[in-house]
Amino acid sequence: MTAITLEHRDDYWLARFLAMGSPCELLVDTGDHVLVAKLAEIAFSEAKRIEQKFSRYRDDNIVHLMHHNHGAPVEVDDETAKLLDYADLCYRLSEGLFDITSGVLRKVWKFDGSDRVPAAQDIAALLPSIGWSKVTWRKPHLTLPAGMEIDFGGIGKEYAVDKTAQLLRAASNTSMVINLGGDLFVTGRRANGNPWRIGIDDPDATGQQALAQLTLARGGVATSGDTRRFLLKDNIRYGHILNPKTGWPVHAAPRSVTVAAATCVEAGMLTTFAMLQGENAEKFLNDQEVQHWIVR
Amino acid sequence: MQLTPPRRIRDSLTVATCSLLSIDAAHAGYFDYESLWNIDTAVLLYSEQNRVDVVEPVLQIKKEIGEGEFLTVKFVYDAMSGATPNGAAPSSTSQVFTSPSGESRYTTAAHALPLVAFTDARAAVSVDWELPLSRTLRSQYNANFSRETDYSSMGASASLLWDVNSKLTTLTAGVAANLDQVKPTGGLPTELSSVGMNVVPVNNVNARKIEDGGGSSGGGSKTKNAYDLLVGVTQVLTRRTLMQLNYSYGKSSGYLTDPYKIVSVVNTSGVTQDYLHEKRPGTRTRNTLYWKTVYHLPEDVVHVSYRYYWDDWDIKSSTVDLTYRLQLGTHFYLEPHYRYYTQTAANFFTHAIVGNVPAFASADLRLAALQSNTLGLRFAHQLDTDSSWGLGVDYMHQTGDAHPANAVGALKNEALFSDLKTMSVTADFSMKF
């Protein structure tokens, strides 16, 4: 049994399920609930598949193998190789700010709203275990120095959105919105010719107040930022976006960034890049000429 | 520490993303999207009781040809036959008329509304092009052409739709132009001249002049043109409510007369003395205000609209329209519909001319004060995600004043306005592939 619920809304069907630790939704522009059930099953299975394959918390997947191979090369499958290629390019495009080896910083930074800012020496002690340049990636072999970790968390959800959307499109021509925890993709204009209207949440009032309404006929939308994840000490606010080079939060990062682009992966990467730019986030996104919303 | 931001990385990111997702980079903007053909077909059967019958097949093809860019081509064919009022008033004696072609005569019985038989066919094609200009600005263009035996029409329009206020508000502005040519069967009559006196034959050198004499009409065809300007605003009021307000201004000029309509000339006793070809003013300035609200209930949808129209012929009309879409499960809906329409008469409308011939005169009952009630019901069935069909029936009852206070003499005893009842049935089928 899967935990998918179906609801008929005004003029579409809504399927809900939990995956990747987030509430997920599938909106289908149809009156056919049998089709909706079928599509929801496809979305749920694909999201679960990607979650299980790239989760850091399992001991039966490729990520676990990478982390426990004691510095020896691991041969990876084609899908993992593509994600590593992508992460490699993003590392270079961001001049080292986007780094999938920075996840180990979580060991000292717990963004729980408290004032427990880690000690500088504890942060410094982790820096030798961070740095994509220390990893040897020769497709299909990845060699990770012992003690380092790979974290696909910065791409995984958006990647799952786009992969799920591809499967859904292959299964039906119906217009759909697939939303995995706030990152989403719209497959096409609705049958009546209208685009979907997507509300962008105000990060201070999630689910209650829309910051803006976006009409989207096709493409991806991703949001970066979580205003509940921070530390506050001596009146200094420490946001959860960390600079992998220093181990400290990025200075003057926006509270939230939303981008609409051709794919959810691209939108997601642009929001992450913008966050990492700190006070230059606006300038960065303006230079990219993408539709975006920034909350300071 | 602050790095200078990398400038334009988006193109590299797009290419890499396409590779990650195994998408053809050339179609990055489309993301694995295949554009569908949308085909809509319909047949309309329209029937006026004891008058005109129309059969109208429609075919519409729509295709997305670029990101948010749509091309629509529509073909309509009308086959019309039956009888329509010729304009003459009923009389206490039978009346004899010449057909528009001038080649035959027909008789209307005493006290009956004079009707003239006709058949015609009309073919029309229109092309719509919807082109997004930016994220918030869309443009729409239309070109259309239609032709029947004695009439041809061509038109073009363009409009801009601008989304503002986080797309909760859409502002619309549009312009349209039309050029029509009328080439009456049997020749172009001189306006306000006696019927049968001065018809200029066209297309047929053997056409028989019923009688010769009277003035000349100066040619076998006439044109009229029109332009229209529209401004509007559509506002999302709440998640469930959408409101639209439009104003349009238009002006027609040229030959606005109906070459087949005639007017009876009666003496003060109401006895017919003559029949004249009608004449309408050479310009008509039109204004329309339109308000519509769509309210979404959890399952059903309610549409309410009101239209107010006024022109410098002194016609003022109001239309109230109520539509309720009742969702019956997920595959069916039923849509009852009611419309009320009322209009005042044109200032040159008259059932018959008494005394001096005015500058303009028409007895076309469509220009009289009238009201109509329309009841409709539509049923639609979604067969699967890509196809649906529907069936709709509309019944209209139009009434007017059969015994106006200004009727003279014997005309007081005639029914000068006959109620009109029409029934139309539409069957449609839509599919995507």
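Read-outs: derived from the displayed coordinates by stated rules, not from any lab. Worth saying up front: this structure is predicted, and the values here are computed from it rather than measured. Don't worry about glycine lacking a Cβ; one is built from the backbone with ideal geometry, like all the others, and counts go over all protein chains shown.
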Fewest-first sequence of B:Leu13, A:Leu18 by Cβ atoms within 10 Å of each Cβ:
A:Leu18, B:Leu13
Looking only at A:Ala191, A:Ala260, A:Ala165, which one moves most when chain A is put into a Gaussian network model with springs between Cα atoms under 10 Å?
A:Ala191
Which aspartates and glutamates have a Cα lying under 20 Å from the Cα of A:Lys48, excluding residues fewer than 8 positions away in the same chain?
A:Glu25, A:Asp59, A:Asp60, A:Asp77, A:Asp78, A:Glu79, A:Asp151, A:Glu158, A:Asp162, A:Asp183
FRET efficiency estimate (nearest 0.05) - Cβ-Cβ, B:Gln244 to B:Ala143, R0 25 angstrom:
0.50
Restricted to Cα positions, what overall size does the range B:59-126 have along the principal axes? Three whole-Å values, descending.
68, 23, 13
Extension gain, B:Phe433 back to B:Asp11 (0.36 nm per residue minus Cα-Cα distance, nm)
148.7 nm
List the pairs from A:Lys53/A:Lys107; B:Lys62/B:Lys432; B:Lys222/B:Lys251; B:Lys316/B:Lys421; A:Lys134/A:Lys245 whose alpha-carbon separation is above 20 Å, in the order I gave them.
A:Lys53/A:Lys107; B:Lys316/B:Lys421
Tell me, what is the percent relative contact order of chain A, built from C-alpha pairs under 8 Å that lie six or more residues apart?
17
In the neighbourhood of B:Leu168 defined by beta carbon distances under 15 Å, the net charge of the other residues (Lys, Arg +1; Asp, Glu -1) is +4
Springs between alpha-carbon pairs under 10 angstrom, Gaussian network model over chain B: which of B:Arg286, B:Arg51, B:Arg135 fluctuates most?
B:Arg135
Given N residues in the protein assembly as shown, what is its alpha carbon radius of gyration divided by 2.2 N^0.38 Å?
1.32
Along the Cα→Cβ direction, 7 angstrom out, place labels at B:Ser81 and B:Tyr309. What is the inter-label distance in nm?
3.0
What spacing in nm lies between the two simple spin-label points modelled at B:Val393 and B:Asn347, each 7 Å away from Cα in the Cβ direction?
4.4
Max mean-square fluctuation residue, GNM over chain B, Cα-Cα springs under 10 Å, options B:Arg280, B:Arg339, B:Arg105
B:Arg105
What number in nm² do you get for the range B:242-370 if you take the convex hull of its Cα atoms and divide its surface by four?
10.8
All aspartates and glutamates inside 12 Å of B:Lys183 as judged from Cα atoms, apart from same-chain residues fewer than 8 positions distant
B:Glu148, B:Asp150, B:Asp258
What's the FRET efficiency of B:Leu59 with B:Ala110 using the Cβ-Cβ distance as r and R₀ = 60 Å, to the nearest 0.05?
0.85
Grab the beta carbon distance between B:Asn373 and A:Leu18, set R0 = 56 Å, and tell me the FRET efficiency rounded to 0.05.
0.55
Modelled label reach - B:Leu334, point 7 Å along Cα→Cβ, the range B:373-410 residues with backbone N closer than 13 Å:
B:377-380
Note to self, the protein assembly as shown gives a 222 nm [θ] from helices alone (DSSP H runs n ≥ 4, -39500 (n - 2.57) apiece, / all residues, nearest 500) of -4500 deg cm²/dmol
Roughly how many nanometres apart are two label points built 7 Å out from the Cα toward the Cβ at B:Ala121 and B:Arg51?
2.5
